[in-house]
Every structure is written in structure tokens, then in C-alpha cells.
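I have placed the structure first, in the form of C-alpha cells, so that the comments after it can refer back to it.
The values are calculated or read from the model by the stated rules, or taken from the named source; none is laboratory data. The structure displayed is predicted, hence computed values, not measured ones. Glycine gets a Cβ as well: all are built from the backbone with ideal geometry, and neighbour counts include every protein chain shown.
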Amino acid sequence: MSHPYAIGAVIVVALATVLIGALGLRISRTTSDFYVASRTVNARLNGAAISGEYLSAASFLGIAGLILAHGVDMLWYPLGYTAGFLVLLLFVAAPLRRSGAYTVPDFAEARLESLAVRRTAGALVAGIGWLYLLPQLQGAGLTLQTVTGAPRWVGGVVVALVVTANVTAGGMRSITFVQAFQYWLKLTALLVPLLFLGFAWHSDGSPGADAARPVFHRSTVVRTDTAVRIAIGTPERVTVSGTVDGRTYAAAPLALAPGIHALDTATTLDFPPGAEVPAKADDPTGSAWGRPLSDRTQPHPLYTVYGLILATFLGAMGLPHVVVRFYTSPQGRAARRTTLVVLGLLGVFYLLPSLYGALARIYAPDLVLTGDTDVAVLVLPERLVGGTGGALLGALLAGGAFAAFLSTCSGLAVSVAGVLHQDVLPPMGIRGFRRAAVLAVATPTVCTLVAVGLPVADAVGLAFAVAASSLCPLLVLGIWWPRLTPPGAIAGALTGGGTALAAALLTMADVFPNGWPHVLLAWPAVWSVPLGFLVMVAVSLATPGRIPPGTAVVLARLHLPETVAATPARGDVG
Amino acid sequence: MVQLLTLLAGVPLGAGAHWVLARRSRRERNRGTDVELATFRTLHTASLAAPPLRAGLTEDTARKAVRRLRPLLGTPAMCLTDEHTMLAWDGAGEHHRPEVMSKAAQVLASGRPQLVEVGCPDPSCPVRWAAVAPLKVDGRVLGTLAAYGPEDSPVLVRATGEVARWAAVQLELAELDRSRRDLIEAEIRTLRAQISPHFVFNSLAAIASFVRTDPDRARELLLEFAEFTRYSFRRHGDFTTLADELRSIDQYLNLVRARFGDRLEVALRVAPEVLPVALPFLCLQPLVENAVKHGIEGRPERGRITIGADDAGAEARVVIEDDGVGMEADRLRAILRGEGGPSHGIGLGNVDERLRRVYGDEYGLVIETGVEAGMKITVRIPKYHPGVRISPPPAPRA
């Protein structure tokens, strides 16, 4: 599906991002504008900016793909991504803003008066940022491949280059406006095509996901990346290149009888129009797809769901680019109001990918076959609407997807670069930040070139799990527990984050392909989050002498309204 | 798979065991003589007691210090007092706590070490005699150190006296730390910029010129003036937000414009992300005042001032630029050293000094200028710096 429209849309989005970033703030020549300029960012703008930065490729493409492949259990993803902000609102947002800290390492230093904790938090932030950047770049590669047919690595490199150039050139000066714009762009890019898809679906007779098998509307080529077994319902005549049921064909016609057929790697099947779409042999079919905990590709669905819930609910607060935005709020109350806005905006947005997932289930189940479920959102307009209209809608979706990659990558790159610049690399002044930005983007880019294959939303889930088991205990206990000590904080964050990260790496390396070990490692949050909290509390209790002397003052500042907490700020430390 | 895991777990364990063993055998080889070992041990114990004492004499620090000091003398009990109360007791015989102050009173008064008989009805109690030594700082007795033993020995008195003297030196250092901190704070406070008397005079004169021709404008300007002075005269807190500072600069520029009319052109570009950043109170206003002075005063043509604030990663960057007469590099250097004379740029040197004190030397002003080439001043402000906190405005007055 190579379409000039889509390439145009991607270029337009990239240009708009750069231009708003560079020019967005050339406001005011006269005095009256002085007030406009010196007014702080209001909750609505800041909320849109946070949402824009937060809605990544995982939200835009990944969720629909997961729902298509694994059924309704995956609705926990959008729910968890949103609920993460509820937890943030309840426990963290306002106190964090009142602390005056700008990043999690800043908070760690302010709260625990220890440089060692600061460094630990910095290393964790960089690690989580990289883990999160990986799937973004992968998603970009996938999108560009779907849209233009370019090799998989091109998209990631393009996004990495645009983001690096933008950040190092100081183009993210008005990052709040850029990110707010990206939110509305992403929402539009999903909403408008969905309306058309909805009409098309309605005029198609509103088929349900458990209805009879869908048929290909036009001649369609299915290409397998791995060996799969497919179930064929009615006899079909197809053109095959590759191996089917152990026999090799070279662009030869073949009649597929009803039943199970085994396809080898890199086999292409060319289905004629009107042919029934084949299904994966072990795929949950029909009504099973719509029932909770029915996914047979995951061995322990209930455990998986709990792992997902814990990771996403608690992980959001540990994402480096999320916490940074709260600094822009003038006070704790404004921070809380901003979070409320974010909850609303995310809630609206996340209605859409789920609908795409359901539509893809009806009209593009062959994607499950090839494993390319992440492109479900992108191919739907072509399948349902077709023609120039479909191409235009597809272009809008591709543009929205690129907005997702660019906004999330920019936010992450800035945060990770800030940490590298301040806490890791030797001081080099302004130029140091640029070098740090290059390093911040280059590391995950190289990783995407080496490692492939993890579904976008899965990899994001792992980043969430690491954040939930390391930075979440640090923030929550730091804000609410006066007996936290620096050794406790370091031990807990490293144990929780370290085990979750090790689990993520083992999963990526595919050391345990199945069984309980695989499930435990793929969804580490269930055990790593409590482990992080436990170690942090236990070590803190074992080192009561190390409670920082300024704890009472800092906690008072975190929890009292700004006007009240003003007086005891000084003294008491010596 | 299991083998791989065992291997993974085994490697660090093996390495750790090897390290411990190697260390132990090395230690046994270089033991040193007994005297050397005793010296090391004493010095180590003393160094452990130093940090709490360096933080001053309080109940908390005394408790930690006395725990470290008692092994130095090897006495069954030890206690620390300040001038009025007993701070901490370590070791046996805690039932003697109430009588500590009565025994210490004489030492507090005389400032000389003393051996006192305690006497105890309990025959098993090791607390019979006390060697009480004063903690003298600058000739003043801040407290006492008492070591208790079963018999009266002159060695105990002498050893206690030496330990007390060592502890007193640490307390002296603590005092020094505190006064150094006070001094820096006092200096920062005196360095707080003040409105120049010229500005007050010029503003009032400019307002006066509007009183007949445009009373409304005069009233507005007077209100601006009141607001501006209220901000500048406020006494609480050393830090403010960039937003507040910019607001005050706006008021300042309105007053200046009343005097110069169209001759002053101001362009402003502020990234809203950096508005909540904390910065030293009144550290930008003097720079703008300087720009006004060099940009238009003493020149017949129009002057232009550009003020920009940008988000630069972990810091905010504020740039104040004018297109005025500029300055020679040598003169600028003299002004920054504080030798420029009262009429010129007290503000620049003062702001530079304050920024360096608060954030460190690498955060001083960066000034680019040349004769007839205008002047560009760049201020870098870390968004977060330990100890820098905004003091919120006082509750509005009724």
C-alpha cells in the first residue's frame, strides 16, 4: 500500500512539529502581551501537552493490534494507562510539584539529601527511558514499512534523526505547545477515519466479531514472517510462493482444502477477491475472542492480567517524561487540576483504539496470521473504504502515528538527555546537553537495529513494569513515609527495578519460551513491585540512624499548601 | 536453561568469595605491630565520633558521640552534658543519671577537670568515681564530659581531660561551620539589589508631568510605581519565580516608558515552561535597568531591548539584549570586579556575585559586548538546585 498521500502526511506532521517548536513562541511586541507571556501554563494546555507526550505508538497502534490478536483482555492496557494517572493524581502529583523538584533525581536529592540516591534514580530514569524509546522507534519502522514499503529500520532512523536534530537545535523550546498540538492531532487522526469506518461497517450490515468469517474484498497477498498453521473453512484457490504442508511452490496455483494447513517461513499466499479470510489455527475464534480470559496464546491469562494492571497503574508515575511536565504547573493545586484534565483527555482518546481493534477483528483477521497486528489501524481504511478516500484516511492515520512517535520520542529524549547531562556525563556546559541528547537517542536506535520482534505494546509494558517496581516505591514512600532512608531507597529501587529489568531482558532474549517461567518473566510486576516496596521498607527500618535530618521540614513542604508551608523552610538542618 | 542460570548466579558468588578470602590473607600478612594497631584503632574510633560532634552539641549528636567516645577510654560508663542538662549517658549505672548535673556544676564553674567520688549503695555497681572534664570552646565552657570508673586513678582524669579537649576542638569546628554559613547568608542578604534612588526620582518626575495633562495615566503610573516598590522592598525570602520577576520588570519598563515615550522599544519572548523556575530575588531587574541605561540614555535615536527566556534542558536561559553604545571589555571587567564607580553598573557586579554564590562559579553572568555593538547578557538558572526554594508571596493585605 504505497501511497504518496501517506508519505505527504508524514512529512507534513514532521514539518509542523519542527515549525511549531521553533516559531510557536515568537509572540508579543507590545506591553499588554507582557502579561500574556508571563502567565504560567494553564491546566488545560498543560494537560493536553502531558496527554500528547504520553500517547505513544503503543496507544496509537499497539492497543488495536493487541485487541485484534488477544481479545478483550487487552482492554486492560488503555484502562491501565489511564488509571496510572489516577494513582499519580491521588498520591504524587501535588506533593511532587510542591517539592520544587524538576525530575525524579531532583526529588530524590531534595527528599533524602543524598547524592547516591540521586545517581541511582538518574540511572533508572535513563534505563526506563531507553526501554520505552525502543518500541517507539520499532513502531516507526513498522509504520513506514506499511506505508511506503521501505525496509523496517528506515522509520526508526528517520524518527531518531528528526528528534535528535530538533532537540539539539533547541527546537523544543516551546515543547508544551508542540505536545498539546500533537494530542489534538492524534485524536483527530483516529476520530475522523473511525467515523468513515463506522459508516462503512454500518452499510456492510453491521457484522459482529463472532459473525461468519469475513472475505477479502479484493485480491490480497498474505506473507508469513514465521511458520504458522492456518485454518481454512471453505475450499479456496490461491497462488503460492513458498512451502505449504511440506511442499514447495513457486508462484503456482494451489487448491486449499478445508482444514488445517502448515505454512513455512516467508511463504506468500495470493487470495482472490471473495475468498474467505483464513484464521490462525490456535487463535481464539468467534465468540471466545469476546470473552475475558479466553486467550489461548497466553498460558496463564489471569496472572497476566494482574501483571498488566499492577505495571500500568503504578508505572505511569515513574516515566521520566511524565513527571517533568508537572513542573510547569505553578502550584500543587494546579498540578492536581492538570492531572484531572489529563484523565479526561486520555479517557476520550482510549475509546478509539479499542474500536479499531474490534473492526480489525472483523475485517483484517489475516494480520494475526502474519503477526503484523500492529499495523491493523493503518490498513483498515483501505480494507473498508478503499479507493482515494481510503488512501486519504490511511494517510491521516499514518500522520497521526508519526505524531505519536515524534512527541513521545522528543519528550523521552529531552528527559533522558537531561539526566545524562546532569548526573552521568562529565560537565561540558551547553554543548554537553546536545551530546547527551545524541547519546540518549542513539542508544535505543542501535538497539532497534539489533533486536527485533517484540510487539510494541508488550515492550512498553515492560518499561512500565520496571518503572513501577523502582521509581514508584521511591516516589510513594518518599512522599508518604517519614522513615525512609537513603540506603533503603537505593536498595529497594535497585532490587525492584533490577529484577524487573532482568526479567525484561530475559524475555527479549527469549530464554524461556513458554510455561510458568516465561509468564513470570514476561509479567514481572506482580512480584517485582511488592519486592521493591518490601526491600525499601526493610532496609530503611534496619538503618534508622540514616533518616535524613531535614525529613520533617521536607515532608511539611510536600504536604502543606504553599502559603502555609512558607515559614519553617529554613534552619533545622544544621 | 537451569545450568545457564546456575552459571549466572555462580559467577558473582564465586568472585565475591574469592575477594573476601584474598582480602583476609592480605590483611594477615600486613598486620603491623601491636602499638601501630592500637594507634590505628584509636584514630579510627575518634574519626567515627567526629561527624556527630561537628554538627554541634544536641541530645541527638551527644548520644551518637558518647557511644563512640567511651571505647576510647574503656570506662564502664560515660556521659555528656551541656551547660544546663545532661545530654546522653552510655554504659552501666544509669541510676546515677539524676546526680550528674550536681557533680558537673563545679567543673562548669571552674573550667578545670576534677575527680569526684560518686559512691553507690549497690556493691556491684562499677560507677564509684567520676572524672569530669570541661568542653571549652573559645574559653567558654559549653558542657562537660564525665567518665566513670570503679576506682580513683589520676590516669582516668588525665585521659578524660584529653578526650574532652579533642571533643572541644570538634565543637569549635562546628561553631566555625555555623558562623561561615551565617556569613554567607548575611552576605547574600546585603547583596540583594536595591532600587536606585535615581530611578525613584526620575519616575516621580515623569509621573508629575502627567498629573495635569493626563490624570488617568498619572494614576495608573502611580499604581505601577506602588506595586513595583512593594515587590522590591519585600523583606521575606531570597528567591522568587521567573514569572514574578518578569512582572516586576514589566512595571519597571512601564515607568521608564513614561519618561522616554516611543524612544524605547521592548521585545519579549518567553517560554511558559520556565516561568515557575526559582531564581534569586531581583536578579534580572538590574540587568534590564542596565540595558535601558546603555540602550537609550544619552542617545538621541530609538533604542531596542530584547528579553528572552528559554527552556534549555535542566536549566532556564534568560537573555537580555540591547542595541546601545556597548562597552569596552576592560571597563566591563572593572565593573564586574566592583571598581566601576557608583554611577555605573553596580547592578551587574552585584547580580554576577549573587548568582555565583547561589549556584556556583559556573553560573556567573555571560556578557557579550563591544564599543557601539550593544550588549547581550545571558543568565543561566538551574531549574532545580538544592536549597533554592521559592518563598511564596505573603497573604494579600486587606
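Filtered by the rule that a residue be outside any helix (DSSP H, G or I) and modelled with pLDDT of 85 or more, region A:518-559 gives A:524, A:543, A:547, A:548. Inside region A:108-128, residues that are at pLDDT 90 or above and touching a Ser or Thr at 6+ places or on another chain (Cβ under 6 Å) make up a count of 1.
When each of A:360, A:288 is tested for being at pLDDT 75 or above, in a helix (DSSP H, G or I), out of contact with any His (no Cβ under 8 Å at 6 or more places or on another chain) and among the small types (Gly, Ala, Ser), the lone residue that passes is A:360. Among all residues of region A:560-568, there is none that is surrounded by 15 or more Cβ atoms within 10 Å (Cβ to Cβ), assigned to a helix (DSSP H, G or I) and either within 14 Å of chain B (Cβ to nearest Cβ) or at pLDDT 80 or above (or both). Within region B:78-137, take every residue that is closer than 21 Å to residue B:68 by Cβ and of a type in the set (Lys, Arg) and give me the one that is nearest to the chain's Cα centre (by Cα). Going through the qualifying residues, I end up with B:136. Tell me, which helices (runs of 4 or more DSSP H) wholly within region A:71-166 include 2 or more residues that are away from chain B (no Cβ under 14 Å)? Filter on region A:71-166 gives A:76-87, A:93-98, A:115-148.
The set of residues in region B:290-324 being modelled with pLDDT of 80 or more and of a type in the set (A, V, I, L, M) consists of B:291, B:292, B:305, B:307, B:309, B:316, B:318, B:319, B:320.
Residues checked against (1) part of a helix (DSSP H, G or I); (2) more than 9 Å from chain A (Cβ to nearest Cβ); (3) not small (Gly, Ala, Ser):
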site	(1), (2), (3)
B:240	no, yes, yes
B:244	yes, no, yes
B:248	yes, yes, no
B:252	yes, yes, yes
B:258	yes, yes, no
B:266	no, no, yes
B:269	no, no, yes
B:276	no, no, yes
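The single condition among (1) without any contact (Cβ under 8 Å) to a residue 40 or more places away in the chain; (2) in a helix (DSSP H, G or I); (3) closer than 30 Å to residue A:122 by Cβ that residue A:426 does not meet is (2).
Selection of region B:292-316 for residues being out of contact with any Leu (no Cβ under 8 Å at 6 or more places or on another chain), closer than 30 Å to residue A:434 by Cα and more than 8 Å from every other protein chain (Cβ to nearest Cβ) yields only B:315. Here are some residues: B:172, B:227, B:185. Which one is more than 14 Å from chain A (Cβ to nearest Cβ) and within 31 Å of the chain's Cα centre (by Cα)? Exactly one residue qualifies, and that residue is B:172.
If we keep just the residues of region A:156-174 that are modelled with pLDDT of 85 or more and crowded, with 19+ Cβ neighbours inside 10 Å, which is farthest from residue A:412 (Cα to Cα)? Among those that are modelled with pLDDT of 85 or more and crowded, with 19+ Cβ neighbours inside 10 Å, it is A:158. Close contacts from region A:382-407, counting a first residue that is buried (at least 24 other Cβ atoms within 10 Å of the Cβ) and a second that is modelled with pLDDT of 85 or more and among the acidic types (Asp, Glu), with Cβ to Cβ under 9 Å and a gap of 6+ residues or different chains, come to A:407/A:53. When each of A:340, A:369, A:310 is tested for being among the aliphatic types (A, V, I, L, M), in contact with a Lys or Arg (Cβ under 9 Å, 6 or more places away or on another chain) and in a helix (DSSP H, G or I), the lone residue that passes is A:369.
Results for (1) of a type in the set (S, T, N, Q); (2) touching a Pro at 6+ places or on another chain (Cβ under 8 Å); (3) under 30 Å from residue A:377 (Cα atoms), shown as yes or no for each residue.
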{"site": "A:94", "(1), (2), (3)": "no, no, no"}
{"site": "A:109", "(1), (2), (3)": "no, yes, no"}
{"site": "A:129", "(1), (2), (3)": "no, yes, yes"}
{"site": "A:138", "(1), (2), (3)": "yes, no, yes"}
{"site": "A:142", "(1), (2), (3)": "no, no, yes"}
{"site": "A:168", "(1), (2), (3)": "yes, no, no"}
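Set side by side, the residues A:9, A:48 differ, and just one is over 15 Å from residue A:397 (Cβ atoms), more than 9 Å from chain B (Cβ to nearest Cβ) and modelled with pLDDT of 65 or more, which is A:48.
None of A:109, A:113 is of a type in the set (Asp, Glu) and either touching an Asp or Glu at 6+ places or on another chain (Cβ under 6 Å) or at positive phi (or both) except A:113. In region B:356-392, of all residues being of a type in the set (Lys, Arg) and at pLDDT 85 or above, the one that is farthest from residue B:308 (Cα to Cα) corresponds to B:356.
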